[in-house]
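S.K.: Submitted below is the structure of interest, expressed as structure tokens.
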């Protein structure tokens, strides 16, 4: 899902750069004002975990592989804007040090995995959690899994849309391909996110109650 250089036309990557810069700047402003002292080390630890987890690929279908994205996990633990900053940091390191994702496409990758994955994913999670909370037998793990799965499918779908707008491949071809593969990758995303959240809730439940931004 990391778009390399040369895959997006100028109007697309410039537009996404602008949107990403504005929202990342807003995220920095919000976290500086509201994030508690205990949450700041957690941001570093979580960024390191997501970075390491993204380096581990797991097989999907047809010889393809996928990796953990971590956007919803970051947003659930620290809030959507802190989650966006964590994903931005991870993507910048991957871009500049490991050449995973192009420099011109950095704004697009932040938009897909940070803004769509963390911001949009978190607010969908909040809405579904509130809707389901009053139901008998409600399990929060189910919502965590569903939204984690959905976040990676949405991010992949926006990636497909951007490639289509740039004239790389028709939407009718790239969207089913990207959404289909990432719907399988999303299963791993959901399972990992549920496992991490469940583990933290058992050993350090206080971390789930940190101030969210």
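S.K.: Using the count of nearby Cβ atoms within 10 Å as a rough guide to exposure, how do 90, 10, 120 rank from fewest to most?
M.R.: Least to most surrounded, the residues fall as 10, 120, 90.
S.K.: Then there's this: Suppose a student asked you for the relative contact order of the chain, using Cα pairs under 8 Å spaced at least 6 residues apart; what percent would you report? Walk me through the numbers before you get to the answer.
M.R.: On the way: 309 pairs, mean separation 63.0, N = 213.
So the answer I get is 30 percent.
S.K.: To the nearest 10 degrees, how steep is helix 121-132 against the longest Cα principal axis of the chain, on a 0 to 90 scale?
M.R.: Helix 121-132 sits roughly 50 degrees off the main axis of the chain.
S.K.: A further question follows. Using only the Cα atoms of the range 12-104, build the gyration tensor, take square roots of its eigenvalues as a ≥ b ≥ c, and label the shape rounded, prolate or oblate: rounded if a/c is under 1.5, else prolate if a/b is larger than b/c, else oblate. Before the final figure, lay out the partial values.
M.R.: Values: a/c = 2.16, a/b = 1.32, b/c = 1.64.
Oblate, because a/c is 1.5 or more while a/b does not exceed b/c.
S.K.: Pop the C-beta distance of residue 48 and residue 208 into the FRET formula with R0 = 22 Å and round what comes out to the nearest 0.05. Mind showing how you got there, number by number?
M.R.: Details: r = 19 Å, r/R0 = 0.87.
So the FRET efficiency works out to roughly 0.70.
S.K.: Expressed as a rounded percentage, what relative contact order does the range 48-168 have, with Cα pairs under 8 Å and six or more residues apart? Write out the running numbers ahead of the final one.
M.R.: Details: 121 pairs, mean separation 28.2, N = 121.
After rounding, I find 23 percent.
S.K.: Also, quick follow-up: Can you pull a Stokes-Einstein diffusion coefficient for the chain at 25 °C (0.890 mPa s), Rh from Kirkwood over Cα pairs, as a whole number of µm²/s?
M.R.: Values: Rh = 17.4 Å.
In µm²/s, the coefficient rounds to 141.
Read-outs throughout are calculated quantities, based only on the coordinates presented, and are distinct from any laboratory measurement. Note that this is a predicted model, so its numbers are computed, not measured. Glycine also receives a Cβ, built like all others from the backbone with ideal geometry; neighbour counts cover every protein chain displayed.
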